[in-house]
Amino acid sequence: MRIGIIGCGAITRFRHAPECESNPNIEISGFFDLFEDRAAELAGRYGGKVYKNYEDMLKDDDVDGVIVCTSNATHAEVTVKSLKAGKHVLCEKPLATTVEDGIAMDKAAAEAGKLLMIAQNQRMDLAHKKAKEIISSGELGKVIFFKTEFSHSGPENWGIDKTKNTWFFNKNAAILGAMGDLGVHKIDLMRWMLEDEFVKISAIVGALDKKTSDGEPISVDDNAICLMETSRGIVGTVTASWSNYGAVDNSNVIYCENGVIKIGATPEYGVEVTKKNGEKILYKLPEQTRSGIVDAFSDAVENGMKSPISAGDAVKTLKVIFAALEASKSGSRITIQY
Ligand SMILES: NC(=O)c1ccc[n+]([C@@H]2O[C@H](COP(=O)([O-])OP(=O)(O)OC[C@H]3O[C@@H](n4cnc5c(N)ncnc54)[C@H](O)[C@@H]3O)[C@@H](O)[C@H]2O)c1
């Protein structure tokens with residue numbers, strides 16, 4: 001499969017370009033970024049063309065699929081144009097910044113007969129897969145409660161622009177803050193792992209910490225805590241924070257009738273189960289050197305499979321995020337409609 005990459009920032013540099021290069025079924029056709037030097041640098045390192053605009057990439061018959069790695073507010077437009085141009089698309093999370101745009105992306109994929117996958121890569125994590133397998137086996141009984149968290153020191157320490165002027169802090173470009181950046185991963189993960197949908201939510205989502213260069217609070221949220229309930233009555237908390245100035249926390253704890261599953265609690269063991277009778281089972285998992293998201297995209301396209309993570313699926317996660325924002329603003333508990 002021949003792939004073009006739109007947006008040449010951190011996620012392309014750290015994940016997608018190296019994972020494309022090391023996949024024997026993928027050839028990189030080229031790169032586009034609003035800053036040409038960023039595209040040129042990656043083309044120099046990984047091969048392929050430097051496109052003057054992404055429309056040129058979409059017209060190129062040497063491109064079968066594109067990876068959309070631009071700022072949040074542009075995902076929908078770039079994705080829909082790419083699908084209409086007959087390209088398969090792997091689009092970064094959050095898939096879109098409105099539910100309507102997410103639905104339009106799903107529709108555009110169906111109409112074009114092309115595969116659209118959303119890069120919710122937490123589903124590819126071996127520890128998460130193992131935990132899902134344990135839950136699905138029923139050996140620990142029903143899930144009762146969970147805690148899940150994703151927190152780090154903020155996108156000004158991650159993105160290609162390492163300043164307070166990063167687009168991640170700009171409402172027009174990001175639309176969503178920590179909730180859409182990190183919360184999106186954990187909500188998606190829990191929906192997938194529990195095989196259930198969130199139906200009720202209360203939350204506090206706010207700009208508590210980060211400041212613009214003028215010393216004003218940023219215009220998107222930087223911290224969020226949500227209290228959630230699924231359709232089967234599983235209750236839990238989702239925490240997303242850009243104010244964790246210590247080690248990244250990407251952990252999950254699942255309390256079941258007959259034991260507790262801890263994921264990512266220790267570096268040595270991916271998953272730790274403590275049964276009700278005290279028995280402890282430690283799962284040492286193979287070292288994971290790639291996210292696997294590009295591999296899953298390419299496999300699905302090559303084998304004519306349906307999207308491993310469709311836009312229709314990701315829209316349900318987006319609905320939960322908007323419900324969290326509404327719950328926080330109104331100070332009330334919200335029922336989520338699907
Ligand atoms: N799946 C994950 O774990 C994960 C991790 C990090 C980022 N992301 C997502 O990836 C996307 C990019 O994040 P990043 O960390 O690489 O940001 P970044 O700021 O490091 O890079 C974004 C790049 O996109 C370019 N860009 C913006 N709009 C563009 C457009 N319309 N056309 C072409 N280029 C454009 C910018 O010039 C910049 O070079 C975001 O949506 C983010 O949420 C996902």
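The values are calculated or read from the model by the stated rules, or taken from the named source; none is laboratory data. Keep in mind the model is a prediction, meaning the values are calculated, not measured. Note that each Cβ is placed from the backbone with ideal geometry, even for glycine, and that neighbours are counted across all protein chains shown.
A few points about this structure:
- The residues of the range 31-47 that are within 15 Å of ARG2 (Cα to Cα) and surrounded by fewer than 23 Cβ atoms within 10 Å (Cβ to Cβ), listed by number, are ALA43, TYR46, GLY47.
- Residue in the range 117-126 that is within 11 Å of the ligand (Cβ to nearest atom), at pLDDT 95 or above, within 18 Å of the chain's Cα centre (by Cα) and under 14 Å from THR237 (Cα atoms) present: no
- Every pair of residues 6+ apart whose Cβ atoms lie under 7 Å, when the first sits in the range 1-28 and is without any contact (Cβ under 8 Å) to a residue 60 or more places away in the chain while the second is near the ligand (Cβ under 10 Å from one of its atoms) and part of a loop (DSSP other than H, G, I, E, B): THR12/CYS69
- Residues being outside any loop (DSSP other than H, G, I, E, B), surrounded by fewer than 18 Cβ atoms within 10 Å (Cβ to Cβ) and either of a type outside the set (D, E, K, R) or not assigned by TED's automatic domain parsing to the domain that holds LYS147 (or both) - total across the range 261-310: 7
- Given (1) among the β-branched types (Val, Ile, Thr); (2) within 11 Å of the ligand (Cβ to nearest atom); (3) crowded, with 23+ Cβ neighbours inside 10 Å, index of the condition ILE3 fails: (2)
- Pairs linking a residue in the range 146-163 that is at pLDDT 95 or above to a residue that is exposed (fewer than 15 other Cβ atoms within 10 Å of the Cβ) and among the hydroxyl-bearing types (Ser, Thr, Tyr), with Cβ atoms under 6 Å and 6 or more positions apart or on different chains, are SER153/TYR245.
- Residue check, VAL68 closer than 19 Å to SER298 by Cβ and crowded, with 18+ Cβ neighbours inside 10 Å: yes
- Of all residues in the range 164-195, those satisfying the criterion of being basic (Lys, Arg) and modelled with pLDDT of 95 or more are LYS171, LYS186, ARG191.
- Residues of the range 87-97 include none that is part of a helix (DSSP H, G or I), within 15 Å of the ligand (Cβ to nearest atom) and more than 20 Å from PRO308 (Cβ to Cβ).
- Members of the range 35-76 that are among the charged types (D, E, K, R), free of Cβ contacts under 8 Å to residues at least 24 places away in the same chain and assigned to a helix (DSSP H, G or I): GLU36, ASP37
- Here GLY159 fits the description: among the small types (Gly, Ala, Ser), under 30 Å from ASP209 (Cα atoms) and in a loop (DSSP other than H, G, I, E, B).
- Filter pass, ASN53 being modelled with pLDDT of 95 or more, among the polar types (S, T, N, Q), farther than 23 Å from TRP158 by Cβ and within 15 Å of the ligand (Cβ to nearest atom): yes
- Across the range 107-115, a minimum of one residue is classified as closer than 20 Å to ASN25 by Cβ, away from the ligand (no atom under 15 Å from the Cβ), in contact with a strand residue (DSSP E or B) (Cβ under 9 Å, 6 or more places away or on another chain) and not in a helix (DSSP H, G or I).
- Flag if ALA174 is away from the ligand (no atom under 15 Å from the Cβ) and of a type in the set (A, V, I, L, M, F, W, C): no
- Taking every residue in the range 273-296 that is away from the ligand (no atom under 16 Å from the Cβ) and pairing it with any residue that is among the hydroxyl-bearing types (Ser, Thr, Tyr) and assigned to a strand (DSSP E or B), at least 6 positions away or on another chain, the pairs with Cβ-Cβ distances below 9 Å are VAL273/TYR283; LYS280/THR274; ILE281/THR274.
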